[in-house]
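In what follows, a single structure is set out as structure tokens and then discussed.
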Amino acid sequence: MRSPKSAVAVIAMLVAACGAPAAGQQEKPPDKALVGVTMPTTKSERWISDGENIKRDLESRGHRVDLQYAQNDVPTQVKQIESQIGAGAKLLIIASVDGSALTKPLEMAAEAGIPVIAYDRLLRDSPNVDYYATFENFRVGIYQAESLLTGLGLRNGDGSPGPQPGPFNIELFAGSADDNNSVFFFNGAMSVLKPYLDEKKLVVRSGQTEFQAVATLRWDGETARKRLEEIVNTTYRRTKLNGVLSPYDGMSLGIITALKNTGYGAELPVVTGQDAELGSVKSIIAGEQYSTIYKDTRELATATAMMAEAVLKGRTPPQLNNLNDYENGVKIVPAFLLNPVSVDKANYHQVLVESGYYTDDQLR
Ligand code: BGC
């Protein structure tokens, strides 16, 4: 597992390597462009920081930024993008609510000659997406599953077989089916869990193991709470649930509420997460949530602002480090990927506090 420092190092290298115009491209003089930034929701801390960090970074480079949040509503996001196009935006940075629902505004952008960077979530089913900035999403899923196994004792932190032979009962959750990332997280996790399921060291007693059956619309914590309460009340009357694969902290907290509501207060199953949101990090420190995945949104925002700067100058962003994995249904979108970091009670201080992401005071 790489340390968060490696992401910083990658960006430093890329800054140093800030490329010349690609063959056949002409460098335009830098201008103070209007950049339209749309984010999915303010309901989750990460998107608030992502939006603010991109805005700050682009403004420090002299650009103007229109930052909008769609509150998880597709028509709202469509209107926001259309109005940014109408206002003369020179570039769009979009973290979509539904990755396949923006085909029309993306077409409008292309007609107006406005390049588009998909931010964290891939924009699907459209040729009009120029670049993609995100994290190693398959690896996020791998880390989630590995920490579930470690928490259960089936595996040691170093990957060797753990002290517990199993079998253990687990339930699976995936993110929103309209978010391309959800599939990557789930497939990454299942690549680790499948051999344990095949050997019956892990058992999903609800029988719900397919992506469509475990997907959670809009990553909603309440939806996750209700689904798990129903599963526990019907399937775990005589036997104990030992672990839950959760793809996102906002869902993990809903899942923990469901567990408490169904009698698991004293000894909670192992629950994973993602985003290192404040509530979940506090829950990890309190010994409730087991783990989360830290994705430094400051690094993603900086990398995206640097990509934006290159695109505005008519250059190919030098950051791109993945030209194969993000097929959007129409084309492969050239991407820049950052590394996620797995966090639990043992390393949260080193990863989150010593890196300056949170202060000790915030976590009290
Ligand atoms: C992001 C995750 C986030 C989830 C819910 C995904 O697209 O990659 O970091 O947990 O959305 O907001």
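The values are calculated or read from the model by the stated rules, or taken from the named source; none is laboratory data. These numbers come from a predicted model, not from an experiment. FYI the Cβ positions are ideal-geometry reconstructions off the backbone, even for glycines, and counts take in every protein chain you see. We work out accessible area using only protein heavy atoms, side chains counted, and drop any ligands, DNA or RNA first. Shrake-Rupley method; radii C 1.70, N 1.55, O 1.52, S 1.80 Å.
A compact table of results
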{"read-out": "Compactness of the chain - radius of gyration and Dmax, Cα, Å", "value": "21.0, 70"}
{"read-out": "Accessible area of the stretch 137-294 divided out per residue, in Å², using a probe of 1.4 angstrom", "value": "40 Å²"}
{"read-out": "Förster radius 41 Å - calculated FRET efficiency between Leu34 and Asn233, Cβ distance, rounded to 0.05", "value": "0.20"}
{"read-out": "Compactness relative to 2.2 N^0.38 Å, alpha carbon Rg of the stretch 47-157", "value": "1.31"}
{"read-out": "Unit charges on C-beta of K, R, D, E only; dipole of the stretch 302-352, Debye", "value": "160 debye"}
{"read-out": "Net charge dipole size for the chain [Lys, Arg +1 and Asp, Glu -1 on Cβ; Debye, nearest 20]", "value": "360 debye"}
{"read-out": "Tyr69 accessible area, assembled protein chains, probe 1.4 Å, Å²", "value": "50 Å²"}
{"read-out": "Net dipole in debye of the stretch 137-294 [+1 Lys, Arg Cβ; -1 Asp, Glu Cβ; about Cα centre; nearest 20]", "value": "500 debye"}
{"read-out": "Accessible surface of the stretch 137-294, 1.4 Å probe, proportion on carbon and sulfur as whole %", "value": "50 percent"}
{"read-out": "Dimensionless Rg over Rh [the stretch 137-294; C-alpha; Kirkwood]", "value": "0.92"}
{"read-out": "Nearest 10 degrees, 0 to 90: helix 74-86 Cα axis against the chain principal axis", "value": "20 degrees"}
{"read-out": "Probe 1.4 Å - accessible area at Ile256, Å² to nearest ten", "value": "10 Å²"}
{"read-out": "Hull-based mean projected area of the stretch 209-299, where the convex hull spans the alpha carbons, in square nanometres", "value": "6.3 nm²"}
{"read-out": "Label-point gap, in nm, between Lys200 and Arg56 - each point 7 angstrom along Cα→Cβ", "value": "5.4 nm"}
{"read-out": "Cα long-axis angle, helix 137-152 against the chain (0 to 90 degrees, to the nearest 10)", "value": "20 degrees"}
{"read-out": "Positive-pole candidate from Gly329, Pro269, Gln164, dipole of the chain, charges at beta carbon", "value": "Gln164"}
{"read-out": "More than 19 Å apart - percent of Cα-Cα pairs taken over the stretch 225-364", "value": "61 percent"}
{"read-out": "Principal-axis tilt of helix 4-16 within the chain, Cα atoms, nearest 10 degrees", "value": "10 degrees"}
